[in-house]
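Structure record follows, encoded as structure tokens.
The values are calculated or read from the model by the stated rules, or taken from the named source; none is laboratory data. None of these values were measured; they are calculated from a predicted model. In this analysis, Cβ positions are derived from the backbone assuming ideal geometry, glycine residues included, and neighbour counts consider all displayed protein chains.
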Amino acid sequence: MKSDTQNAPILAVDNLNVRFDTPDGEVHAVRGISLHINPGECLAVVGESGSGKSQSFLAAMGLLSSNGKADGSIRYRGNEILNLPRGKLNKVRGKSMTMIFQDPLTSLTPHMRIGAQMNEVLQRHMGLSGDAAQRRSLEWLERVRIPEAARRLKQYPHELSGGMRQRVMIAMSMLCEPDLLIADEPTTALDVTVQAQVLDIMDELKRETGAAIALITHDMGVVARMADRVEVMKDGVYVESGAAEDIFAAPKDPYTQMLLDAMPRIDQPDKPGHEGLAPLDRDAAREPLLSVNDVRVWFPVRVSGGLFPQSKPLKAVDGVSFDLFPGETVGVVGESGCGKSTLARAILRLVPAKAGSVAWLGKDLLGLNPKKMRNARKDLQIVFQDPLASLNPRMSIGASIAEPLQVFRPDMRKSARQDAVRGMMRKVGLDPDMINRYPHELSGGQNQRVGIARAMILGPKLVVCDEAVSALDVSIQAQIIDLLKQLQRDMGLSMMFISHDLSVVREISHRVMVLYLGRVVEMADRKDIYDDARHPYTQALISAVPIPDPKIERSRERVKLDGDLPSPMDPRAQLRFMKSKLVDDPHAEQYRPKLIEVAQGHWVAEHDDPKDVLIVDPAPAAPKA
């Protein structure tokens, strides 16, 4: 397709409307928006869930659901593509316009090898096959820095980590060197270090190939790192547009200001207008509420088949110790697979521990019989990441919140139980009149409040929040964090707050514990660990968190880990930061780095010179103005 205008934008959208026919009537998802994207430019479209961000670009790609319809104009290089017949649209999408989706696992075909899926793209759009297609696929996997790229071509999607699957999606989208890359929440589900790598790769490819990027996200930190221009979207319309620096420096619309205010910042722990942490007096509470000592959780994993299959232990948690005091929140951070959730589940006896002890108010939880453990559970509650998956869809939210009372307070009258449920609903910000609604009738944030209400209804002494806010929009996330801090103040409870988002952890935690492959590498008060991180892994995690301010984000020094996260099945992986003690034999007994108290209450695992494992990028390339 040839453009009539030499300097036309790559994509131009005028007065686009997207509507969906539903059983409840017509939903007008996108309301007359207009935008343009120039060659070599990154345009960010930001807004919360349901604002219409994704639907705008799905309309451009011809991927609206069957009950959706679009009108207006979408032009690629000056040529109309909206509602184009599939055959003609296929000449553009997949080759000149490509899209990266939020969840790469559902976007990749599970029964096809990575190489076969990449070759299919090349065969369809470029007529390449055989060795030529193999070479090009290998070249692009190497360009997105996938280790052992040749071996990955022969693997299936489920054999790759989330970060590697996302890199595969980027490589597939760039195979034909498109003019426009549409990235729909490409880093939401990724760890901060992997997110930083993926964003760097996308920015590098933009500079090398001149491709334009349409970045769809709700994360203002990612926008600050990547975008040249920003469109802020609310309820299907753009409420503010402009250069990224201008939007961040002087937002004009209240909604834009709200998005920026709601973003937790790793460089600003106590922002005005947010609930402060409950004060903690450890001298008045010398005895810990919970004392975890050398807990280990190992899972047997089969490593060979045949007549005599063998298994090796996957050391998910490998000797973790810490204390939790009354009224304290300990943040537990680390990348996926570091053992955060497994540790919490072992403490609550939801998975069996191989060794160690968990002292709860002087009693060893791991040694209690089932009846005594059940009685202890009323003081031990958990809030899960996905509220819909943890709520019974056939029970009203009132019944779900009341269930713990029925189990542990069977003598309670029904009217008193209803009063208690309504009172707790008010406390977590839910309208008591919603008591008879079902989970599917509530938003994600409301369902998370239901999960919190259910956990709090018994007045527990310990609540474990397992990625409790990671799936929420930034404004809802800020509300839930403030709610948890207020409940802690009102009820005096202790919390374990598990997250891979270090900026969120800083807002809610008194102390922070950093896990790496099942072991603690650093633990300290939140101020000490963020202002004076000593372990290379902690330094890399903190450096990877984007700051929602383009001037700061694009000028700060970047600290990155050398190489990718090693396999937790390899005992040598634990010595990634102390190679001086490494025995290069996968079957040998390896040295265990000791935790050393480098300052009062600041513990750091032994490690070699950080220069051996860290890469420092003093001047990250900034997008053009």
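Here is a list: 228, 219, 246. Which entry is surrounded by fewer than 18 Cβ atoms within 10 Å (Cβ to Cβ) and not hydrophobic (A, V, I, L, M, F, W, C)?
Details: 228 fails: surrounded by fewer than 18 Cβ atoms within 10 Å (Cβ to Cβ); 219 fails: surrounded by fewer than 18 Cβ atoms within 10 Å (Cβ to Cβ).
246 is the lone residue from the list that is surrounded by fewer than 18 Cβ atoms within 10 Å (Cβ to Cβ) and not hydrophobic (A, V, I, L, M, F, W, C).
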Any chance you could count how many residues in segment 311-343 are over 18 Å from the mean Cα position of the chain (by Cα), of a type in the set (Gly, Ala, Ser) and closer than 25 Å to residue 570 by Cβ? 4
So the check is Cβ under 8 Å with 6+ separation or different chains; which pairs have a first residue in segment 80-103 that's free of Cβ contacts under 8 Å to residues at least 12 places away in the same chain and a second one that's hydrophobic (A, V, I, L, M, F, W, C)? 80/74
List the pairs whose first member sits in segment 596-611 and is under 18 Å from residue 323 (Cα atoms), whose second member is of a type in the set (Lys, Arg) and part of a strand (DSSP E or B), and whose Cβ atoms are under 9 Å apart, counting only residues at least 6 apart or on separate chains? 601/511; 605/519
What number of residues in segment 369-397 are in a loop (DSSP other than H, G, I, E, B), modelled with pLDDT of 90 or more and surrounded by 15 or more Cβ atoms within 10 Å (Cβ to Cβ)? 1
Do we have any residue at all in segment 66-74 that's more than 30 Å from residue 23 (Cβ to Cβ), touching a Leu at 6+ places or on another chain (Cβ under 7 Å), touching a residue at least 12 places away in the same chain (Cβ under 8 Å) and not polar (S, T, N, Q)? no
Just one of 152, 143, 165, 113 is buried (at least 16 other Cβ atoms within 10 Å of the Cβ) and in contact with a Pro (Cβ under 7 Å, 6 or more places away or on another chain); which is it? 165
Across segment 160-191, which residue is farthest from residue 93 (Cα to Cα) among those that are in a helix (DSSP H, G or I) and in contact with a strand residue (DSSP E or B) (Cβ under 9 Å, 6 or more places away or on another chain)? 166
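Can you pull out the residues in segment 110-152 that are outside any helix (DSSP H, G or I), closer than 21 Å to residue 202 by Cα and of a type in the set (A, V, I, L, M)?
Of everything in segment 110-152, those that are outside any helix (DSSP H, G or I), closer than 21 Å to residue 202 by Cα and of a type in the set (A, V, I, L, M) turn out to be 144, 146.
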Could you pull out the residue among 378, 414 that is among the charged types (D, E, K, R), touching a residue at least 24 places away in the same chain (Cβ under 8 Å) and farther than 22 Å from residue 50 by Cα? 378
